[in-house]
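Structure record follows, encoded as structure tokens.
Just so it is clear, none of the values below were taken in a lab; they were calculated from the coordinates. Source: prediction; values computed, not measured. So basically every Cβ, Gly included, is an ideal-geometry build from the backbone, and we count neighbours across all protein chains shown.
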Amino acid sequence: MNKIFKTHLLLLLTGIGCNAQYTETSDFIPQGYTLFEKFFGDLNKDGLDDCVLMVKQTDTANVVINRFDKKVDRNRRGIIVLFKNENGYQLADKNYNCFSSENEDGGVYYPPDLWIVIKDEKMYVEYSHGRYGHWRYTFRFQNSNFKLIGFDSSSNYGPITNKERSINFLTKKQLLKENTNEDAEGGDEIFKETWSTIELKNLIKLSDIKDFDELNMYNY
């Protein structure tokens, strides 16, 4: 066996390089992590169902006793995006630790629900805080990375929407809608709309986000 053939064989066996692909989505989960949730949908306009894995660390040091004397798993969560092709799956993007644990202590609030939605070739990272509101980050694959192109949020009090915010990072425009009907009961809000221009040099990459909880969209 010559040296060149040995080198190519080693590359294939070890999966070196971004073009490595596998048949099973579980093959992309690194050691020290486990699958938390799985989502499917077309992210690159090829008609095939791609896959987004939400993974969770398994470090036993992060299993602690909370203030209610209950054992909880505070390991952080992350995301792995896989493109589907005829031969299996290929890694598109990843960020192993960008989401907090589902068991974080929210003080007087409970931790928000987190899930992923794939629609119209976009990936939405969505949070919900029940009657207090919800917020959503919109990502799209471009120039070899998933990048943040939009943000939407709603601040609620029960059925009443107090404020809505929408940011388009591609057009660099922001819309703020504030309810001016103090007697609103839900569905009868009267919104004042304010448009503004945001300052942004580069789109935020999914892989560069250290913590979604620290993404302050109100700085724009």
| said: For q values of 0.10, 0.12, 0.17 Å⁻¹, compute log₁₀ I(q)/I(0) with the Debye formula on a Cα-only model of the chain, without solvent. | reply: -0.57, -0.79, -1.27
| task | Pairs to check: 56/84; 122/201; 173/210; 147/172. Give those whose C-alpha atoms are more than 20 Å from each other in this structure. | result | 56/84; 122/201; 173/210
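Arrange the peptides 112-123, 178-189 so that the one whose residues have, on average, the most other Cβ atoms within 10 Å appears first. Each step should come with its number before you reach the end.
Details: 112-123: 15.6, 178-189: 11.8.
Output ranking for 112-123, 178-189: 112-123, 178-189.
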| query | Of the listed peptides 195-208, 33-46, what is their order by residue-averaged count of other C-beta atoms within 10 Å, with the highest listed first? | reply | 33-46, 195-208
| remark: Rounded to the nearest 500, the 222 nm mean residue ellipticity computed for the chain from DSSP H runs (n ≥ 4, each -39500 (n - 2.57)) alone is -1500 deg cm²/dmol
| query | What number, in percent, do you get for the relative contact order of the chain if the mean sequence gap of Cα pairs under 8 Å and at least 6 apart is divided by its residue count? | reply | 13 percent
| field | Whole-Hz couplings from phi, Karplus 6.51/-1.76/1.60, listed for the stretch 142-147; x for Gly and Pro | value | 7, 6, 6, 9, 7, 10
| request: For the stretch 33-138, take the alpha-carbon Rg, divide it by the Kirkwood Rh, and send me Rg/Rh. | output: 1.04
| message | Between 0 and 90 degrees, rounded to the nearest ten: what's the tilt of helix 3-14 against the longest Cα principal axis of the chain? | response | 40 degrees
| said: Only counting other Cβ atoms within 10 Å, I'd like 104, 164, 214 sorted with the fewest neighbours first. | reply: 214, 104, 164
